[in-house]
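Each reported figure results from applying straightforward, stated rules to the coordinates on display, with no laboratory input. Computed from a predicted model, the values in this text were never measured in an experiment. Here the Cβ positions follow ideal geometry from the backbone for every residue, glycine too, while neighbour counts run over all protein chains shown.
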Amino acid sequence: MHSKGILFLSYAAAMMSTIFIPNYASALGAGRFEIGVIGTSYGVAILLSSYLVGRASDFTGRRVFVVAGVGMSAVAYLLHIPAQSSLSLVGVRALAGLGMGALTPPLLARSRETGEPLGTLASFGSLGWAAGSLLAGIFATGGERYGELEAYWLVFLVCFLLMLPALLLAVLMPEPEFFRVRTPLFPVHLLKRNLHIYLPNLLRHTGAFAVWIIFPLYLELLGASKLWIGAIYFANTFSQFIIMRHLNTGASLLHLRLGLGLSMLVFLTYALVGSYHAILPVQLFLALSYSLLYVGSLRYLMENNPEAATSVGLLGSFTSISMVLGPLLGGAISHAYGYTATMYFASGVTLLALLFHLWWSKRHT
């Protein structure tokens, strides 16, 4: 239960801290482009730490990096409170990204040594996202009586408190026996072997993060309250928890392809709905699409690569490149053409991801 508990608590805190960052930054005077830069700093940090830590943990061990990642995350969430400018938010979001990037690959790779079903383990991360979505809405709404900034400070304080039991679990987590693998600093063989997994994830998530950086603002424009925003995020993430537990078997590549196709349709639907109430049922399909894509990708990588944490860390790094590109593109596109243009962009780039995967797979079979 150590891994499940750490994933649940750390992902809950990560979601709570992330969901209102655009609103918090806007309240501090940041423009849309600055909000994109703040989101990008988080992605850059995860890009660096997820690959480097994943690679190191394949040879050194898992627990030390999980403890370090949880500790960094806890400090980062507390530092959100005194961050009173766009520049300071860039720094604390980068520290939070370093923490999340450090704890996730070794924790997921550890499932191969402990025998935990990967879909079930990953589902606890989604359950954490679900809890974080709901708690963010509740605490932000409850804190509004003290002021707008104070509402967000309460959210960040709860994030810090969630990481304390996660840190205890990480310290007490046993280190299982594992097969030590040394990987080159730039593993060309892994990139070539898994390009049909990494590049589609990069493209799809670039579109997704372009949407997520402006999504709370889009929901506000449609009339959603903070509590409704939390509920809309909760519908997606809690559904992921249920769905992922049923994806431990089956054809991993088929799951990935279905996930890409459904994602394309979800992003297109976002642009067409005219009410935040109508987005709620769409979140169920978003949950299905992401669950299929994420668990399918993880299972394929773990089943076909002896360098388990390195291959998963590379997936995290490619996703993090999306966190870098997506917020910048989302901020720029929405600034120039409006929020719905960002949704169309996300749908189009996900279609490209699916077409590339199918072309690559046909060429190499």
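Some points to look at:
- For the listed peptides 277-287, 193-203, a ranking on the average number of other beta carbons within 10 Å per residue, highest first, reads 193-203, 277-287.
- Relative contact order of the stretch 16-100, pairs being alpha-carbon contacts under 8 Å that are 6 or more residues apart, as %: 47 percent
- Shape class for the chain, computed from the alpha carbon gyration tensor (a ≥ b ≥ c): oblate, with a/c not under 1.5 and a/b at or below b/c.
- Among Ala336, Ala45, Ala235, residue whose mean-square fluctuation peaks in a GNM of the chain (springs only between Cα atoms under 10 Å): Ala336
- Between Leu222 and Glu144, full extension at 0.36 nm per residue minus the direct alpha carbon distance yields a gain of 26.1 nm.
- FRET efficiency for the pair Ala251 and Lys192, taken as 1/(1 + (r/R0)^6) with r the Cβ-Cβ distance and R0 = 25 Å, rounds to 0.65.
- Charge sum, other residues only, whose C-beta stays under 15 Å from Tyr233's C-beta, Lys/Arg counted +1 and Asp/Glu -1: 0
- Gap separating the Cα centres of the stretch 1-65 and the stretch 123-172, nearest whole Å: 14 Å
- Cα-projected label distance for Ala341 with His277, points at 7 Å along beta-carbon direction, nm: 3.1 nm
- Top of Ala271, Ala94, Ala14 by mean-square fluctuation, Gaussian network on the chain, Cα under 10 Å: Ala271
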